[in-house]
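Please read the structure below before turning to the comments.
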Amino acid sequence: MPEGLLGSVVVVKFGGNAMVDASLQRTFARDVVELWQAGLRPVVVHGGGPQISAMLDRLELETRFEAGLRVTTPETMEVVRMVLTGRVQRELVGHINAHGPFAVGMTGEDAHTMTAARRPAWVDGRPVDIGLVGDVVDVNPSMMRSLLEQGHIPVVSPVARGEEGEVYNVNADLAASALAVALDAERLVMLTDVEGLYADWPHSTEVIERLTTDALDGMLPGLASGMLPKMEGCLRAVRGGVRKAHVVDGRVPHAVLRGLLDETGPGTTVVPSGSEADVRVAVVPAADAGPESVESLPLASL
């Protein structure tokens, strides 16, 4: 088992295509329970972009993104809240609880766990109004700590309260990052739909295996909009005290176990500046989905 993980909090952001693939959902839920049984304390933060977009299309409401974030009107916010807490969260809680009475669903609104303020957005140097999109400005982790101490697995929808009673749509990557810092988590794991952070996308499939916060900070302005919130979340988390943040391919079965338990596992790892080499790059074939077995991982030794 990697040093420092036993008994520690690990925050996992579950999103991307894995959320709409029933087999990957079940595999993810089983892996989270295995982490719990092995002595870790997992917290799951989920997204729901594909499901939200599908419901907006059904209701003939506009779907638009700016700077990688969903433009959220009051009408859109009603749909976001309904889909995240009424459908996506319930499905994920159900998959985890198929293995025992572990998961408890909650949102950032519950017990004032997450407080957000309206997030500004900039595109090509100009401000853009993205509506009821929030940035987390305060986290009260007391309720979540109580759930963890009682042996539960919190499953969190990224909806937060505003200081004046507003309700904000918070990007799940940034919500997971804020919770990881507030909970003094040892690790943050982001599931996405690519092999990791590409060094020179779309010109090559070279994946950056490892980079420091300073190196990542310099890269952020040039990242594609889809990857930007994930890497910003990793940067905030590691600078906030999380020991390592991992971006792994959620399309690969057991990606969470590989990201946490295999120090040479695929994906991109962000570490504090001054701790390791600035950038390490590897060539990852785009068609390589990785192994479907985790028998080689040191789970039994946890």
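The values are calculated or read from the model by the stated rules, or taken from the named source; none is laboratory data. Keep in mind the model is a prediction, meaning the values are calculated, not measured. We place every Cβ from the backbone using ideal geometry, glycine too, and count neighbours over all the protein chains shown. Side chains included, ligands, DNA and RNA excluded: accessible areas come from the protein's heavy atoms. Shrake-Rupley method; radii C 1.70, N 1.55, O 1.52, S 1.80 Å.
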Might you check whether a residue that is at pLDDT below 95, over 27 Å from Glu163 (Cα atoms) and of a type in the set (A, V, I, L, M) occurs anywhere in segment 66-86? no
Of all residues in segment 94-115 being open to solvent by 10 Å² or more (accessible area, probe 1.4 Å) and part of a helix (DSSP H, G or I), the one that is nearest to Gln150 (Cα to Cα): Asn97
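Where in segment 152-254 are there helices (runs of 4 or more DSSP H), lying fully within it, with 3 or more residues that are buried (at least 19 other Cβ atoms within 10 Å of the Cβ)? So that I can check it myself, show each step before the final result.
Working: elements: 172-182, 213-219, 228-239.
Ranges flagged: 172-182, 228-239.
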With the first residue restricted to segment 45-59 and required to be farther than 30 Å from Arg187 by Cα, and the second required to be surrounded by 16 or more Cβ atoms within 10 Å (Cβ to Cβ), Cβ contacts under 6 Å at 6 or more apart or on different chains are Met55/Val79; Met55/Val83; Leu56/Val79
List every residue pair whose Cβ atoms sit under 8 Å apart, with the two residues 6 or more apart in sequence or on different chains, where the first one lies in segment 226-237 and is within 11 Å of Asn171 (Cβ to Cβ) and the second, anywhere, is open to solvent by 10 Å² or more (accessible area, probe 1.4 Å) and among the small types (Gly, Ala, Ser). Leu228/Ala67; Leu228/Gly68; Pro229/Gly68
Among the residues of segment 140-151 satisfying the criterion of being open to solvent by 30 Å² or more (accessible area, probe 1.4 Å) and not in a loop (DSSP other than H, G, I, E, B), which is nearest to Thr63 (Cα to Cα)? Met143
Out of everything in segment 55-85 that is in a helix (DSSP H, G or I) and open to solvent by 50 Å² or more (accessible area, probe 1.4 Å), what residue ends up being farthest from Glu232 (Cα to Cα)? Arg58
Quick one: in segment 43-54, which of the residues that are closer than 15 Å to Asp173 by Cβ and small (Gly, Ala, Ser) is surrounded by the most Cβ atoms within 10 Å (Cβ to Cβ)? Gly48
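When the residues of segment 2-29 are filtered to those that are charged (D, E, K, R) and closer than 18 Å to Pro42 by Cα, which remaining residue is modelled with the lowest pLDDT?
First pass over segment 2-29, keeping only residues charged (D, E, K, R): 3, 13, 21, 26.
Filter once more, so that each one left must be closer than 18 Å to Pro42 by Cα: 3, 13, 26.
Values: Glu3: 61, Lys13: 96, Arg26: 94.
Filtering segment 2-29 for residues that are charged (D, E, K, R) and closer than 18 Å to Pro42 by Cα, the one modelled with the lowest pLDDT comes out as Glu3.
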